[in-house]
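Coordinate-derived values only; no laboratory data. Just so you know, these numbers come straight off a predicted model, no measurement behind them. Don't worry about glycine lacking a Cβ; one is built from the backbone with ideal geometry, like all the others, and counts go over all protein chains shown.
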Amino acid sequence: MAKEDNSQTNTIVGPSTVVQGILDIKGSVLIYGTVLGDVHSNGHVRTAKDSIIKGAVVAQEAVIDGELEGSLTVKGRATLGSSAKMVGDLRAQLLVIEEGAQFSGKCRMEGAKVRPAPESGDGSMTKDGQDREGKAAETSSSA
């Protein structure tokens with residue numbers, strides 16, 4: 001699990017705890033145990049390596065290091081740590097997937113700037129960064 005700062009954690013679900021139903025947290029939550037239901041937080045949701053969630057997670061940000069079987073929706077950054085096992089759909093503005101994490105589902109990057117593919121040609125690039133028609137690839141950056 002990534003480095004923890006428990007000083008900002010409002011709720012902790014212990015390793016031997018099993019919660020059935022909806023967890024509605026005002027603030028941040030750190031989950032070591034099992035949640036059979038949804039987790040809603042207006043702060044951060046962090047899960048430990050051996051934790052299990054079977055339900056939807058909705059939060060400002062999330063770091064998942066355990067098992068999540070359900071959707072993950074965050075307004076900011078979603079991190080799947082090296083021991084994460086997630087099956088379900090993920091929506092986030094920013095996504096970090098560490099080496100070793102397992103993810104099976106659909107991912108939608110909210111707020112991501114996507115440009116349409118070129119209308120002419122097949123849009124593929126050659127090794128030198130040119131498209132098949134000899135034009136240099138366009139790049140964009142946000143300032």
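When residues of region 72-82 are filtered for being under 17 Å from Lys26 (Cα atoms) and crowded, with 23+ Cβ neighbours inside 10 Å, how many remain?
Residues meeting the conditions: 1.
Can you tell me which residues in region 67-98 are over 13 Å from Val57 (Cβ atoms) and touching a residue at least 40 places away in the same chain (Cβ under 8 Å)?
Gly81, Ser83
Please go through region 43-71 and pick out each residue that is crowded, with 21+ Cβ neighbours inside 10 Å and of a type in the set (Asp, Glu).
Asp65
Filter region 91-103 for residues that are small (Gly, Ala, Ser) and in contact with a strand residue (DSSP E or B) (Cβ under 8 Å, 6 or more places away or on another chain); which is farthest from Ser41 (Cα to Cα)?
For region 91-103, the residue satisfying everything is Ala101.
Might you check whether a residue that is more than 23 Å from Met109 (Cβ to Cβ), surrounded by 23 or more Cβ atoms within 10 Å (Cβ to Cβ) and touching a residue at least 12 places away in the same chain (Cβ under 8 Å) occurs anywhere in region 30-42? Please lay out each step first, then the result.
So the first thing to find is which residues in region 30-42 are more than 23 Å from Met109 (Cβ to Cβ), and the list is 30-37.
Remaining after also requiring surrounded by 23 or more Cβ atoms within 10 Å (Cβ to Cβ): 31, 35.
Applying the additional criterion that residues be touching a residue at least 12 places away in the same chain (Cβ under 8 Å) yields 31, 35.
Checked region 30-42: at least one residue is more than 23 Å from Met109 (Cβ to Cβ), surrounded by 23 or more Cβ atoms within 10 Å (Cβ to Cβ) and touching a residue at least 12 places away in the same chain (Cβ under 8 Å).
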